[in-house]
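Heads up: the structure comes next, in structure tokens.
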Amino acid sequence: MDLQLGGRKALVTGSTAGIGLAIARRLAAEGANVVITGRQGAKLDAAAAEIAALGRVQAIGADASTAEGAETLVREATEIDILINNLGIYEAKEFAAISDTDWHRLFEVNVVAGARLTRAYFPRMQARGWGRVVFVSSESGLVPPPDMIHYAVTKTAQMTIARGLAQLTKGTGVTVNTVMPGPTRSNGIGDFLRSVASDPNVSPEAMEAEFFRVHRPLSLIQRMIEPDEIATMVAYLASPLAAATNGAALRVEGGIVPTIA
């Protein structure tokens, strides 16, 4: 299927690994001009080289979680047709142990960073009459894990922002949507699984099996989702083919959410 993304310019945050890198690769393969960003030069360069094998890429060294980093991005990538707010962090922690610093840190990275960049690019999309904004949220925003409540709250907040912004797109060619991945195989997933495993010394396969049996028993696929599986949905939402999908929260979470939401 041709997603008709040739010539469109897309900015993907959190794009040097995991879901973000998979999204950037997929958009480049579909013909979009992709802008990636990251704090680590070597990691950013490696991601750019990987994407360049598929299409056009611009790498900007900036921390998208900060106001200064956002200013750098907006200055160096002025006209963006597609904004993918993928940057995010997570951790497992008992509610009583979540400090004010933890709350502020997760909100700054997971919520404020995406809102800040959208604030810069969304009005320009409205003025041009075309644009796509996608927030990469999580199924945790609907089914909060009791050991990740602070993370879940930030993911619910992303869905709220997206739905509110979608209300402002009436009669335009701009859409704002949310994608809700479930537990996804990424660079940091091994450390996360060890942090919640009853025995962190067992094999990765055993830890993954225990995680779904104990912590995500509602999952229908009972496995980690691959980043490319998320990227496929995001690329479709970013395309002209998804023009009738607006203000939606689409689930790519393996069936953890038991009801239609």
Practice item. Restricting attention to the stretch 79-97, report how many residues are surrounded by fewer than 18 Cβ atoms within 10 Å (Cβ to Cβ) and either free of Cβ contacts under 8 Å to residues at least 24 places away in the same chain or of a type in the set (A, V, I, L, M, F, W, C) (or both). Key: 5
Practice item. Please state which of the following conditions R216 fails to meet, knowing it meets all the rest: (1) assigned by TED's automatic domain parsing to the domain that holds V134; (2) farther than 25 Å from N33 by Cβ. Key: (1)
Exercise for review: Spot the failing condition for L54; the list is (1) at pLDDT 95 or above; (2) within 22 Å of E226 (Cβ to Cβ); (3) buried (at least 17 other Cβ atoms within 10 Å of the Cβ), and only one is missed.
Suggested key: (3)
Review point. Tell me, which residue of the stretch 188-201 that is in a loop (DSSP other than H, G, I, E, B) and exposed (fewer than 15 other Cβ atoms within 10 Å of the Cβ) is nearest to the chain's Cα centre (by Cα)?
Key: G188
Practice item. Among the residues of the stretch 90-100, count how many are out of contact with any Phe, Trp or Tyr (no Cβ under 8 Å at 6 or more places or on another chain) and closer than 25 Å to A162 by Cα. Key: 0
Practice item. Test Y121 against the criterion of being touching a residue at least 40 places away in the same chain (Cβ under 8 Å), out of contact with any Pro (no Cβ under 9 Å at 6 or more places or on another chain), part of a loop (DSSP other than H, G, I, E, B) and surrounded by 15 or more Cβ atoms within 10 Å (Cβ to Cβ), and give yes or no. Key: no
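The values are calculated or read from the model by the stated rules, or taken from the named source; none is laboratory data. This structure is a prediction, so every number in the text was calculated from the model and none was measured. Every residue, glycine as well, gets a Cβ built from its backbone with ideal geometry; the counts of neighbours run over all protein chains shown.
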